[in-house]
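Visitor: My questions all concern the structure below.
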Amino acid sequence: TYYGEKDDYVKRYIICKSGTQTVSPSDLNPGTQTSKNTAIPSSSQPLNVPSQPQFPFEIYMVSHSLCFERSDGKQSAKIEAILTGSSNHPEHQHVLCQKTGSRMQIYIDGKIVAEGSDSHLEETRNLANLYIGSKGILSKKDGNNTLGDTGFFNGSLSCINIWNNNFNTASIKNISSSIDASPYVGNIFYQNGFVVFTKPKIQNIDVHSLSIKPIDFNW
């Protein structure tokens, strides 16, 4: 769910791996041995410093446009789509952004709404921190955002997943139809030894992969 104004042109980050990374003071001088004076306050505390200019992904809102962007530090590739609300669930939408081959894609509620090529980009890996709902220390509160370019996400997020593979259209439709903003998929009746899945679209469940702490199980 996004609660943005129509003429709000601030980048409101949903999820990104760009901007800053956390290092220790000794990391600032690679290849050299440094001593830390513990008498100086915060001398051993981690620091947030600018990360490399390339980044594997940024997903953010500008007004009611959802933007998916990648950069190799010299060039960027970006696609965007308008969030209009779902007829079935107007209070929330399922969004999937993925890179498949040399294509960047945005799916909303199981349907592809934007696609573009990033074949001209070089490597986009970096060591930046992963942020959800902001761009870390680079995001400013609305009242303090004098430049008006980077802010905090204004809305609610749920069921966030990051995958190391891409999905075909059929899989994306199944994923989208299973999302209802609820973190629960069923109940565990410990005294009876029953695990009940009530989520209607759960598929390919491997019971052996479940991490359940047995408490007075009566099998």
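The values are calculated or read from the model by the stated rules, or taken from the named source; none is laboratory data. Note that the structure is a prediction, hence the values are computed from the model and not measured. Note: ideal-geometry Cβ built from the backbone for every residue, glycine included; neighbour counts use all protein chains shown. These accessible areas exclude ligands, DNA and RNA; they are computed on the full protein's heavy atoms, side chains included. Shrake-Rupley method; radii C 1.70, N 1.55, O 1.52, S 1.80 Å.
Visitor: Suppose accessible area is computed on protein heavy atoms with a 1.4 Å probe; arrange 97, 67 from highest to lowest.
Guide: Descending order: 97, 67.
Visitor: How high is the FRET efficiency from residue 100 to residue 189, r the C-beta distance, R0 30 Å, rounded to 0.05?
Guide: Step by step, r from the Cβ atoms, then E = 0.15.
Visitor: Further question on the same structure: Checking the table 141/173; 11/111; 140/173 against a 29 Å threshold on Cα-Cα, which pairs fail?
Guide: 141/173; 140/173
Visitor: With every protein chain left in place, what is the accessible area per residue of the stretch 123-163 in square angstrom, probe 1.4 Å?
Guide: Ligands and nucleic acids excluded, the figure is 68 Å² per residue.
Visitor: Continuing with this model, one more query. Could you give each residue of the stretch 128-143 its phi-based ³J(HN,Hα) in whole Hz, using Karplus coefficients 6.51, -1.76, 1.60 with θ = phi - 60°, and x for Gly or Pro?
Guide: Running phi through 6.51 cos²θ - 1.76 cosθ + 1.60 with θ = phi - 60° gives 5, 6, 9, 10, 10, x, 6, 10, x, 5, 7, 7, 10, 5, 4, x Hz.
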